[in-house]
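Encoded as structure tokens, the structure appears first; notes follow it.
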Amino acid sequence: MQRLEPGTTALLTIECQNGVVGEDSALPELAKEAQASGMLGRVAELVAGAHRAGVQVLHAVAERRPDGRGANTNARLFRAAGKLPVQQLTGSAAVRVAAPIEVAEQDLIVRRLHGLSPMAGTDLDALLRNLGCRTLVVTGVSSNVAVPNTVFDAVNLGYQVVVPADAIAGVPAEYTAQVLRNSLALVATVTTTAEVLAAWA
């Protein structure tokens, strides 16, 4: 694994928000997997380790306006999300970062109102470049959509990407292992939470 220098590395959490992986999730199957697999706890460990090491932490949050203005409707996933009982509305509890992840004052929240990727069409790339980031550690949900989107977008933009395999989740659980083995391992360094924390210790 390449060196995870604190000054040039950032940690990204993806959709680790109450309305996705919290108790009141709009996606209970995904929330159950995030809890049962221990993923949410490991993301919290990585965030705490990053804070101790001086690594910049960014939290990517998916949300929508109450009127839906600007949101995508060009895929089945978007239309289904608009009918869910819990909506990821701007300013609501659903878009707050979920416990046990601690958000520090120096953390950056990257919000998106449209699309599938925290990288495309948001401030994330510009923020990372302004921070001098060359390596991005990607965590969160889901291995079905947002995580692969982020990894590929980041690689296409020239970042080194590290994915702690035990700090991402999706449904079904076995699909995450397949995505890691057959897709993400081809473009990113796949590792573990313990190895990342050891590099920052």
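Taken together, the values in this text are just the output of simple stated rules run on the coordinates, not laboratory data. These figures come from a predicted structure and were not determined experimentally. For neighbour counting, all protein chains shown are included, and Cβ atoms are generated from backbone atoms with ideal geometry for every residue, glycine included.
Descriptive notes on the structure:
- Magnitude of the charge dipole, region 6-200, Cβ model with Lys/Arg +1 and Asp/Glu -1, debye to 20: 500
- Within region 6-200, the proportion of Cα pairs with more than 29 Å between them is 14 percent.
- Centroid-to-centroid separation of region 70-97 and region 128-165 [C-alpha atoms, Å]: 22
- Adding -39500 (n - 2.57) for every DSSP H run of four residues or longer, then dividing by how many residues the chain holds, sets the calculated 222 nm ellipticity at -9000 deg cm²/dmol.
- DSSP beta bridges confined to region 1-124 are antiparallel in about 10 percent of cases.
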